[in-house]
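Accompanying notes for the structure given below.
The values are calculated or read from the model by the stated rules, or taken from the named source; none is laboratory data. In this text the structure is predicted, and so the values were computed from the model without any measurement. Ideal geometry is used to build each Cβ from the backbone, glycine not excepted, and the neighbour counts take in all protein chains shown. The accessibility values were calculated without ligands, DNA or RNA, using every heavy atom of the protein model including side chains. Shrake-Rupley method; radii C 1.70, N 1.55, O 1.52, S 1.80 Å.
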Amino acid sequence: MSQLVYDIRNSRYINLTGRCTLRCQFCPKHNGSTEVHQYQLKLDHQPSAEAIIPLLAPIDQFDEFVFCGYGEPTLNLAPLLTIARHIKQAGGKTRLNTDGLGNLFHRRNILPELAECIDSLSVSLNAQDQTTYERHCRPKLKGSYDAVREFIRLAPNYIESVSVSAIDGLEGVDIDACRRICDDAGVQFKHRRLDVVG
Ligand code: SF4
């Protein structure tokens with residue numbers, strides 16, 4: 001098993017980038033750890049689709065292929081789309097774990113491209129307001145909180161299965177308010193606990 005893919009339960013996770021649009025203070029990467037479960041995930045380059053596609057087989061043996069990374073997968077968008085199309089053509093299922101800032105970063109709506117090859121989206125909302133978000137997630141781009149809220153609002157128009165998470169246990173995060181935001185957007189809310197990744 002390489003650092004580019006790793007398995008949790010019956011899903012194969014694809015580590016597509018080490019870069020991120022956020023600098024979450026709860027991120028293991030900023031706390032001296034580069035491991036999720038026992039896997040070493042630090043990447044010093046953005047892998048290509050050609051590097052990852054040979055590591056996917058046997059595609060029909062996995063419940064799901066999850067684009068994650070120790071960073072934000074949409075920052076490596078072209079390989080993400082190529083790999084996801086390959087998985088779909090082989091009959092597999094795909095999920096993208098994202099911070100929901102792909103549209104802000106790419107300065108266009110990438111949801112139509114994702115919709116062609118991503119079956120489900122898991123978006124990290126993390127906070128009910130901008131101040132709390134900035135405190136915990138320390139975004140690199142201006143307007144990030146508004147952008148993730150807009151992404152969550154738009155996503156169900158393109159992708160059938162959208163779940164949105166917030167982490168219980170972070171100071172000031174109001175889980176009920178996060179849940180209401182999700183209810184209003186018509187997406188499923190996923191309540192996560194601090195220190196559980198993957
Ligand atoms: S979005 Fe994920 S990878 Fe990026 S800084 Fe936050 S916890 Fe770390």
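Descriptive notes on the structure:
- Helix 144-154 vs. the chain, principal-axis angle (Cα, 0 to 90°, nearest 10): 70
- Each residue of region 126-135 is assigned a 3J(HN,Hα), and the resulting list reads 6, 7, 8, 8, 4, 5, 5, 4, 5, 5 Hz, derived from the Karplus form 6.51 cos²θ - 1.76 cosθ + 1.60 (θ = phi - 60°), x at Gly and Pro.
- Peptides 154-165, 47-58, ordered by how many other C-beta atoms sit within 10 Å of their residues on average, highest first, read 154-165, 47-58.
- Computed from backbone phi with θ = phi - 60° and the Karplus coefficients 6.51, -1.76 and 1.60, the 3J(HN,Hα) list for region 165-178 is 10, 9, 9, 6, x, 8, 4, x, 7, 9, 4, 5, 5, 5 Hz; x is used for glycine and proline.
- In this structure the amide hydrogen of V162, modeled in the peptide plane, comes within under 5 Å of the amide hydrogens of L121, Q188, none closer than 5 places in sequence on its chain.
- The apolar share of the surface of region 5-193, taken as the fraction of accessible area on carbon and sulfur atoms (1.4 Å probe, ligands and nucleic acids excluded), comes to 44 percent.
- Average accessible surface area per residue within the chain, 1.4 Å rolling probe, Å²: 49
- Within-10-Å neighbourhood charge of N10 [Cβ basis; K, R +1; D, E -1]: -1
- Where the Cα pairs of region 5-193 fall when distances are cut into 10 Å bins, in %: 9, 37, 39, 14, 1
- The amide H of I110, built 1.01 Å from its N in the peptide plane, has N103 as neighbours under 5 Å, considering only residues 5 or more places off or on other chains.
- Estimated inter-spin distance, Q188 and E64, nm [label 7 Å along Cα→Cβ]: 0.7
- Taking amide H as placed 1.01 Å from N in the peptide plane, V66 has its amide H under 5 Å from the amide H of R12, Y13, I14, R95, each at least 5 places away in sequence or on another chain.
- Computed from point charges on the beta carbon alone (+1 for Lys and Arg, -1 for Asp and Glu), the dipole magnitude for the chain about its Cα centre is near 360 Debye.
- Net lengthening on full extension, A177/A57 (0.36 nm per residue, minus Cα-Cα): 39.1 nm
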